[in-house]
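Heads up: the structure comes next, in structure tokens.
The values are calculated or read from the model by the stated rules, or taken from the named source; none is laboratory data. Source: prediction; values computed, not measured. Every residue, glycine among them, receives a Cβ derived from its backbone with ideal geometry; neighbour counts consider all protein chains shown.
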Amino acid sequence: MAADNLRTYGALRTVLIGYGTIVAAYLIPRGDEASAPGLGGFASASGLMIAGVVVQVALLLAHALIRRQVSDAQIAAQFSALIELVGDAATVLLFAFGTLGPILALQNSL
């Protein structure tokens, strides 16, 4: 039963992080700030936000795949937790790069 609770909690957290990233990407203005490069200059701010959403969708698909392929519930829960940790860290990093680039560009224009 505890493994099912971990899976449910993980899936809910993935949905909430994905939703937050989508909302943040929508709230970024569609003017110069949206086309401003993200921190590091390798992608636009909105592109980095979309990449974060893609990571979260991939996590949801990974949950379904793990549930189907791994028969032991305890191992599946541990593997899901590890995958979630890495995926959530990647999403937070993409989100940070996507928001700090326009903030620094705006600061330099003031």
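Which is surrounded by 18 or more Cβ atoms within 10 Å (Cβ to Cβ), within 15 Å of the chain's Cα centre (by Cα) and at pLDDT below 85, of Gly52, Gly98, Gly87?
Working: Gly52 fails: at pLDDT below 85; Gly87 fails: at pLDDT below 85.
That would be Gly98, the only listed residue that is surrounded by 18 or more Cβ atoms within 10 Å (Cβ to Cβ), within 15 Å of the chain's Cα centre (by Cα) and at pLDDT below 85.
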Please count how many residues of region 55-84 are surrounded by 15 or more Cβ atoms within 10 Å (Cβ to Cβ) and outside any helix (DSSP H, G or I).
1
